[in-house]
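The next block holds one structure in the form of structure tokens; read it before the comments.
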Amino acid sequence: MDFKVADMSLAEVGHKKIRWAESRMPVLMRLRELHSRTKPLAGMRISGSLHVTKETAVLVKTLVAAGAEVAWSGCNPLSTQDDVAAALAADGIPVFAWHGMSKDEFYWAIDRTLDLKPTLTLDDGCDLIFRVHSTAPELAGGILGGTEETTTGVHRLRALAKAGKLLYPVIAVNDAETKWDFDNVYGTGQSSLDGILRATSVLFAGKTIVVAGYGRCGSGCARRAQGQGANVIVTEIKPTAALKAMLDGYRVMPMDEAASLGDIFITATGMKDVIVGRHFESMKDGAIVCNTGHYDCELRIPDLEAQASSVMEIRPNCEEFVLPDGRRIYLLARGRLVNLAAAEGHPSEVMDMSFANQFMAMLYLREHGSTLSHEVYTVSEEQDQEIAGVKLETMGAHLDQLTPDQIAYRDSYEEGT
Ligand SMILES: NC(=O)c1ccc[n+]([C@@H]2O[C@H](COP(=O)([O-])OP(=O)(O)OC[C@H]3O[C@@H](n4cnc5c(N)ncnc54)[C@H](O)[C@@H]3O)[C@@H](O)[C@H]2O)c1
């Protein structure tokens with residue numbers, strides 16, 4: 001079997017990590033149990049490009065259990081967990097991923113997954129779909145549909161669809177309520193702080209944390225940082241998002257003002273050039289800078305490199321840039337997603353819902369892909385509620401039910417004051 005990973009001797013550690021994740025992903029495991037009998041994905045070839053973590057391994061194994069043939073690559077050069085990649089390869093999955101890939105290796109790995117001639121694609125960031133569109137459009141005719149995991153990927157796909165250039169239907173898994181409002185908020189909130197702590201081991205209490213972007217990821221980071229005793233400043237471009245930040249108790253100001261006040265900076269916007277040269281120039285000695293958005297372009301790192309008189313890695317995933325006046329700025333994980341590059345990504349419990357959505361979207365596309373237009377679709381309300389319902393059940397929580405009388409009241413307009 002063809003695969004390329006860093007070190008096969010890590011497979012046993014990877015298998016243990018996957019077992020751990022499986023024990024914390026009850027919704028996805030229930031789907032695995034249900035569909036491993038009927039194999040609804042038999043005959044499907046799935047090319048996937050999504051962070052190779054222990055949770056992704058649980059998804060991959062679930063797709064295979066449901067009958068799919070799968071080939072996998074990472075979706076970020078620094079996010080692959082080498083032990084998990086080795087475990088997947090040992091289990092017979094053609095996986096092409098290792099931590100610290102170059103850009104050329106990254107696209108080479110995606111191309112190897114396309115050798116499978118997929119009938120379905122599964123993306124995080126749209127790099128795989130974009131690869132099909134830019135270098136292998138002949139594959140598109142055989143693809144029933146694809147899914148997209150993250151906000152930035154959905155933005156790229158909507159732009160592609162708007163330009164009339166999308167070659168097959170795609171489901172924006174990111175936009176499911178059980179994904180965007182949980183994974184991005186609670187997952188990114190906790191795991192980004194985890195990444196910062198593993199890379200720096202600093203005390204959050206009393207620090208000023210600047211969070212750029214108060215969407216799902218940014219609001220999660222802000223809330224977790226505040227919970228650790230930090231003072232949070234938010235930068236935004238959207239009035240309603242900035243207003244929410246204000247009413248949640250944070251200060252809001254432009255990055256030009258916040259740059260000289262922050263001890264720790266986290267970008268979570270999906271936009272490029274959020275922190276650039278003039279911001280690095282005004283930062284305090286010891287400022288820590290990281291990004292948790294999908295691409296490293298949120299930070300203009302070449303500006304910092306050009307300003308620095310010396311650079312050295314002072315701790316794993318923490319580089320010290322010394323400026324000519326002696327100030328030191330610490331860049332984490334080279335500006336790559338700090339939660340995945342410096343920690344393990346989101347906790348399994350939250351990925352349980354995101355990947356249940358991915359799995360169910362794959363089933364949907366298998367069934368209905370050939371009848372859909374070349375557009376970006378959202379997951380259905382039924383799927384969202386079903387996943388939330390099962391998750392609640394596995395957490396031991398139960399709901400009230402509407403009585404027939406209440407249903408009639410909800411659906412009528414006669415009853416008033
Ligand atoms: N680290 C992870 O594991 C992880 C997980 C999920 C999503 N993401 C990525 O995080 C990024 C944000 O995702 P989200 O779901 O929070 O998106 P979102 O749309 O909910 O929020 C983004 C916010 O950033 C704001 N913004 C845009 N440009 C800005 C700028 N120049 N300055 C300040 N604010 C600006 C927007 O107004 C918006 O409120 C995306 O790139 C997404 O793909 C990362």
Does the range 143-172 hold any residues that are open to solvent by 30 Å² or more (accessible area, probe 1.4 Å) and within 16 Å of the ligand (Cβ to nearest atom), and which are they? THR151, HIS155, ARG156, ARG158, ALA159
With the structure loaded, tell me whether THR208 is within 21 Å of GLU349 (Cβ to Cβ) and either in contact (Cβ under 8 Å) with a residue 12 or more places away in the chain or charged (D, E, K, R) (or both) or whether it fails that test. no
Kindly check whether there is at least one residue in the range 147-155 that is of a type in the set (Ser, Thr, Tyr) and over 30 Å from LYS117 (Cβ atoms). no
Residue by residue through the range 59-89, note down the ones that are open to solvent by less than 10 Å² (accessible area, probe 1.4 Å), under 30 Å from CYS297 (Cα atoms) and not β-branched (Val, Ile, Thr). LEU59, ALA71, TRP72, SER73, GLY74, CYS75, ASN76, SER79, ALA85, ALA86
Scan ARG336, ARG327 and give me the residue that is within 16 Å of the ligand (Cβ to nearest atom) and charged (D, E, K, R). ARG336
Of everything in the range 292-311 that's buried (at least 16 other Cβ atoms within 10 Å of the Cβ) and of a type in the set (Gly, Ala, Ser), which residue is nearest to MET255 (Cα to Cα)? GLY293
When the range 105-128 is examined, which residues are found to be open to solvent by less than 40 Å² (accessible area, probe 1.4 Å) and not in a loop (DSSP other than H, G, I, E, B)? PHE106, ALA109, ILE110, ASP111, THR113, LEU114, LEU120, THR121, LEU122, ASP123, ASP127, LEU128
Of the listed residues (GLU415, GLU382), the one being in a helix (DSSP H, G or I) and open to solvent by 100 Å² or more (accessible area, probe 1.4 Å) is GLU382
If I ask for residues that are near the ligand (Cβ under 10 Å from one of its atoms) and either of a type in the set (Ser, Thr, Tyr) or open to solvent by 30 Å² or more (accessible area, probe 1.4 Å) (or both), which ones from the range 266-291 would you list? THR267, THR269, GLY270, MET271, LYS272, ASP273
ILE233 meets each of (1) open to solvent by less than 10 Å² (accessible area, probe 1.4 Å); (2) within 20 Å of SER79 (Cβ to Cβ); (3) touching a Lys or Arg at 6+ places or on another chain (Cβ under 6 Å) with one exception, condition (2)
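Yes or no, residue by residue, for (1) within 15 Å of the chain's Cα centre (by Cα); (2) not assigned by TED's automatic domain parsing to the domain that holds THR240:
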| residue | (1), (2) |
| --- | --- |
| GLY145 | no, yes |
| ALA159 | no, yes |
| LEU166 | no, yes |
| VAL170 | no, yes |
| VAL173 | yes, yes |
| LYS207 | no, no |
| ARG216 | yes, no |
| CYS221 | yes, no |
Counting only residues that are surrounded by 17 or more Cβ atoms within 10 Å (Cβ to Cβ) and in a strand (DSSP E or B), which one in the range 312-324 is nearest to the ligand (Cβ to nearest atom)? CYS318
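The values are calculated or read from the model by the stated rules, or taken from the named source; none is laboratory data. Note that the structure is predicted; figures quoted are calculated from it, not measured. In this analysis, Cβ positions are derived from the backbone assuming ideal geometry, glycine residues included, and neighbour counts consider all displayed protein chains. Heavy atoms of the whole protein, side chains included, go into the accessibility calculation; ligands, DNA and RNA do not. Shrake-Rupley method; radii C 1.70, N 1.55, O 1.52, S 1.80 Å.
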